[in-house]
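Q: Structure provided below as structure tokens; questions to follow.
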């Protein structure tokens, strides 16, 4: 149960972003190939989505493959793309049945035509879902901002847009997340304390939570801990509020 002390300080957790880190280190500790860690990480997604729903979260965004990941060994890159492809093939029906709308953001220019068609099919078949899963694949925050700026520049060049009318809201609509709200909480597993070019525009006032646990071991109980930490904080968004916040307690 959430006890609201001041409504101005109550910001329910609706959008959760996760940087799924530590797959390779998880595998190394077990004497396994790195791809085994990524496979275990994929299996973790289903349980986290179920737990997120139980907390009233409406959007989960997962950083699955960054634009910088192309620099990894070719065998690892091809393995990651294969895992992504297999996830779509295996999970489309289950996501649709669970009411999950799949949205995939990132640069698709590096994907072959078959994968692009599969992405479109997955998004179309799950379009009616009430809970949104965002997979960030071949995604980079700088690339996202640059692409949005290019779109607005082309509109201005064609005379369809006056530069002085550009607002934050207009710019946000051109970004990959589009109409979705900014994340309230961003969790990074694996202990690293950086955002690694993830949703740079959107994380401006997002609460950050770092877990030392590697992603394949990050279960619902650790998600509960991160959410409890979120509700213990006061979100001011640059403003100063009275020393009142919100209290969160659990009832059986």
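Q: Can you tell me which residues in region 131-146 are surrounded by fewer than 16 Cβ atoms within 10 Å (Cβ to Cβ) and in contact (Cβ under 8 Å) with a residue 40 or more places away in the chain?
A: Listed by number, the list holds a single entry, 142.
Q: So, one more: So residue 201 clears everything in (1) closer than 27 Å to residue 10 by Cα; (2) outside any loop (DSSP other than H, G, I, E, B); (3) at pLDDT 95 or above except one condition, right? Which one?
A: (2)
Q: Okay, next question. For region 99-120, name all the residues that are crowded, with 17+ Cβ neighbours inside 10 Å and within 18 Å of residue 62 (Cα to Cα).
A: Correct list: 100, 101, 102, 103, 104, 105, 106, 119.
Q: If I filter region 187-206 down to residues being closer than 14 Å to residue 235 by Cα and either touching a helix residue (DSSP H, G or I) at 6+ places or on another chain (Cβ under 6 Å) or touching a residue at least 24 places away in the same chain (Cβ under 8 Å) (or both), which single residue comes out as surrounded by the most Cβ atoms within 10 Å (Cβ to Cβ)?
A: Going through region 187-206, the residues closer than 14 Å to residue 235 by Cα turn out to be 203-206.
Retained after the next criterion (residues that are either touching a helix residue (DSSP H, G or I) at 6+ places or on another chain (Cβ under 6 Å) or touching a residue at least 24 places away in the same chain (Cβ under 8 Å) (or both)): 203, 205-206.
Working: 203: 16, 205: 13, 206: 18.
Among those residues, the one meeting the criterion is 206.
Q: Got a sec? Which of 223, 175 is over 23 Å from residue 109 (Cβ atoms), touching a residue at least 24 places away in the same chain (Cβ under 8 Å) and in contact with a helix residue (DSSP H, G or I) (Cβ under 8 Å, 6 or more places away or on another chain)? Let's see the steps before the verdict.
A: On the way: 175 fails: over 23 Å from residue 109 (Cβ atoms).
Checking each option against the conditions leaves just 223.
Q: Right, residue 173: at pLDDT 95 or above, within 30 Å of residue 65 (Cβ to Cβ) and surrounded by 17 or more Cβ atoms within 10 Å (Cβ to Cβ) or not?
A: So residue 173 fails the test.
Q: Now a separate question. Of all residues in region 157-170, which are surrounded by fewer than 15 Cβ atoms within 10 Å (Cβ to Cβ) and touching a helix residue (DSSP H, G or I) at 6+ places or on another chain (Cβ under 9 Å)?
A: Across region 157-170, the qualifying residues are 160, 162, 163, 170.
Q: Filter region 47-70 down to residues that are out of contact with any helix residue (DSSP H, G or I) (no Cβ under 8 Å at 6 or more places or on another chain) and modelled with pLDDT under 95 and give me whichever is nearest to residue 136 (Cα to Cα).
A: Filtering region 47-70 for residues that are out of contact with any helix residue (DSSP H, G or I) (no Cβ under 8 Å at 6 or more places or on another chain) and modelled with pLDDT under 95, the one nearest to residue 136 (Cα to Cα) comes out as 66.
Q: Please determine whether any residue of region 24-35 is within 21 Å of residue 231 (Cα to Cα), in contact (Cβ under 8 Å) with a residue 12 or more places away in the chain, touching a helix residue (DSSP H, G or I) at 6+ places or on another chain (Cβ under 9 Å) and not in a loop (DSSP other than H, G, I, E, B).
A: no
Q: Among the residues of region 85-96, are any outside any helix (DSSP H, G or I) and either in contact (Cβ under 8 Å) with a residue 60 or more places away in the chain or in contact with a strand residue (DSSP E or B) (Cβ under 6 Å, 6 or more places away or on another chain) (or both)?
A: no
The values are calculated or read from the model by the stated rules, or taken from the named source; none is laboratory data. Since the structure is predicted, the reported quantities are computational estimates derived from the model, not experimental observations. Because the Cβ atoms are built from the backbone with ideal geometry, glycine has one as well, and the counts that use them run over all protein chains shown.
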